[in-house]
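Report on the structure given below.
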Amino acid sequence: MDHAQFDRAVRSISRPSSRRSALGVVVGALLALIGQAAPGAAKSHHHGGGKRHKHRGSITNAPEPVSGTDCIPGWTQCGLLCTDTNSDPKNCGRCGNVCTAPPQAHDARCRAGSCTFTCDNGFGDCNGNVSDGCETPLGTAAHCNACGDTCAAAQTCQDRVCTCLAATPALCSGQCINLQTDPNNCGRCGHPCDPTQICSGGSCGCESGLRSCSDGTCSPQGPGTCCAASECNDFNACTEKACVNHACVFPLKVCDDGNACTTSVCNPNTGCSHTAITCPVGQTCNPSSGCINA
């Protein structure tokens, strides 16, 4: 404050009507003294010495940076803020890229610089296309509990679980089976009945009118049928006795004793007989080649 300012202040205080004005003069003078004592403060006030500083998504007072930005390493300046574009849902991967939940989805987030979302219950992103969101309803045979969770051909999807129908409740090798009646899975998966048998009540057995054979097969009943060759007899000693597909067959015997010096014949009553041959005079019989010169 110079002398002239001091004199005016004193005169103002001496006049009661001007005390309010005088007080203003005094305050102004004091402020001027403060400004002269700290000129750097005024400069800082006018030129941004307390510049607003970007840091971790908030604005704080900090010293003016040397360069145009002052973000910590790994962060990016977006507008007035510094942010981590790896996790900021409003600047995901780049400034201004806002993560929003697509159709049938919620909980949009930014992970590793990419927008992610969670499908609503009952929907899945089965085509991998973010633009149409969670486009596929779950709970179907093709996408039962999740994308690609496909039920077997005979199954249905119930409450997001692949289930066999009540008529065929067991799953065997991807097929719904009734273990009580299936001849290929009788009583348990992979337990087949003989082709002549049926599966009833989970057990292999013979149909009505057939008889059960000791080998587990079923044979018709009546003449010419059999479970074994011992049941077959045509009362012919010149035939073999065989049971083929539960039917008796009688192929002719071959009466050959392998001896070239005998003749083999078969009598239906007595069977095969072998009579020695007589070689011409001067010859003998060789069992392998027959009659030869002596």
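The values are calculated or read from the model by the stated rules, or taken from the named source; none is laboratory data. Because the structure is a prediction, the values reported are computed rather than measured. Cβ placement follows ideal geometry from the backbone for every residue including glycine, while neighbour counts extend to all protein chains displayed.
Which of the residues that make up the stretch 261-293 are small (Gly, Ala, Ser) and in contact with a Ser or Thr (Cβ under 6 Å, 6 or more places away or on another chain)?
The first filter runs over the stretch 261-293 and keeps only residues small (Gly, Ala, Ser), leaving 264, 271, 273, 276, 282, 288-290.
Residue satisfying the conditions is Ala276 alone.
Residue count for the stretch 229-249 satisfying the condition of being of a type in the set (A, V, I, L, M, F, W, C) and either surrounded by 15 or more Cβ atoms within 10 Å (Cβ to Cβ) or in contact (Cβ under 8 Å) with a residue 24 or more places away in the chain (or both): 6.
Please find, among Thr168, Thr156, Thr163, the residue that is surrounded by 15 or more Cβ atoms within 10 Å (Cβ to Cβ), out of contact with any Ser or Thr (no Cβ under 9 Å at 6 or more places or on another chain) and modelled with pLDDT under 95.
Details: Thr156 fails: out of contact with any Ser or Thr (no Cβ under 9 Å at 6 or more places or on another chain); Thr163 fails: out of contact with any Ser or Thr (no Cβ under 9 Å at 6 or more places or on another chain).
None of the others qualify; the one that does is Thr168.
Going residue by residue through the stretch 200-215, is there one that turns out to be touching a Leu at 6+ places or on another chain (Cβ under 7 Å), free of Cβ contacts under 8 Å to residues at least 40 places away in the same chain, surrounded by fewer than 18 Cβ atoms within 10 Å (Cβ to Cβ) and not hydroxyl-bearing (Ser, Thr, Tyr)?
Step one: filter the stretch 200-215 for residues touching a Leu at 6+ places or on another chain (Cβ under 7 Å), giving 202.
Now narrow it down to the ones that are free of Cβ contacts under 8 Å to residues at least 40 places away in the same chain: 202.
Now drop any that are not surrounded by fewer than 18 Cβ atoms within 10 Å (Cβ to Cβ), which leaves 202.
Imposing the further condition that a residue be not hydroxyl-bearing (Ser, Thr, Tyr) reduces the set to 202.
Checked against the condition, which is being touching a Leu at 6+ places or on another chain (Cβ under 7 Å), free of Cβ contacts under 8 Å to residues at least 40 places away in the same chain, surrounded by fewer than 18 Cβ atoms within 10 Å (Cβ to Cβ) and not hydroxyl-bearing (Ser, Thr, Tyr), the stretch 200-215 yields at least one hit.
Mind checking whether some residue in the stretch 199-217 is in contact with a strand residue (DSSP E or B) (Cβ under 7 Å, 6 or more places away or on another chain), under 30 Å from Leu165 (Cα atoms) and of a type in the set (D, E, K, R)? Yes, some residue in the stretch 199-217 is in contact with a strand residue (DSSP E or B) (Cβ under 7 Å, 6 or more places away or on another chain), under 30 Å from Leu165 (Cα atoms) and of a type in the set (D, E, K, R).
From Thr116, Thr83, which residue is surrounded by 15 or more Cβ atoms within 10 Å (Cβ to Cβ), hydroxyl-bearing (Ser, Thr, Tyr) and under 25 Å from Arg160 (Cα atoms)? Working first, answer last.
On the way: Thr83 fails: under 25 Å from Arg160 (Cα atoms).
Answer to the selection: Thr116.
In this structure, is His143 touching an Asp or Glu at 6+ places or on another chain (Cβ under 9 Å) and assigned to a loop (DSSP other than H, G, I, E, B)? The answer is yes for His143.
Listed conditions (1) modelled with pLDDT of 95 or more; (2) basic (Lys, Arg); (3) farther than 30 Å from Leu165 by Cα are all met by Arg188, apart from (3). Taken residue by residue, the stretch 80-95 has at least one member that is at pLDDT 95 or above, among the hydrophobic types (A, V, I, L, M, F, W, C) and assigned to a loop (DSSP other than H, G, I, E, B).
Of all residues in the stretch 79-95, those that are under 11 Å from Ala112 (Cβ atoms) have Cβ atoms under 9 Å from Cβ atoms of residues that are part of a loop (DSSP other than H, G, I, E, B) and among the aliphatic types (A, V, I, L, M), 6 or more apart or on another chain, in Asn86/Ala112; Ser87/Ala112; Cys92/Val98; Gly93/Ala112.
Among the residues of the stretch 100-111, is there at least one that is more than 32 Å from the chain's Cα centre (by Cα), assigned to a loop (DSSP other than H, G, I, E, B) and surrounded by 14 or more Cβ atoms within 10 Å (Cβ to Cβ)?
If we filter the stretch 100-111 for residues that are more than 32 Å from the chain's Cα centre (by Cα), which is where we start, we get none.
No, the stretch 100-111 contains no residue that is more than 32 Å from the chain's Cα centre (by Cα), assigned to a loop (DSSP other than H, G, I, E, B) and surrounded by 14 or more Cβ atoms within 10 Å (Cβ to Cβ).
Mind checking which strands (runs of 3 or more DSSP E) fall wholly inside the stretch 250-294 and carry at least 2 residues that are modelled with pLDDT of 95 or more, of a type in the set (Lys, Arg) and surrounded by 11 or more Cβ atoms within 10 Å (Cβ to Cβ)? Show your work before the answer.
Details: elements: 262-267, 271-276, 283-286, 290-293.
Once the strands (runs of 3 or more DSSP E) in the stretch 250-294 are filtered for at least 2 residues that are modelled with pLDDT of 95 or more, of a type in the set (Lys, Arg) and surrounded by 11 or more Cβ atoms within 10 Å (Cβ to Cβ), nothing remains.
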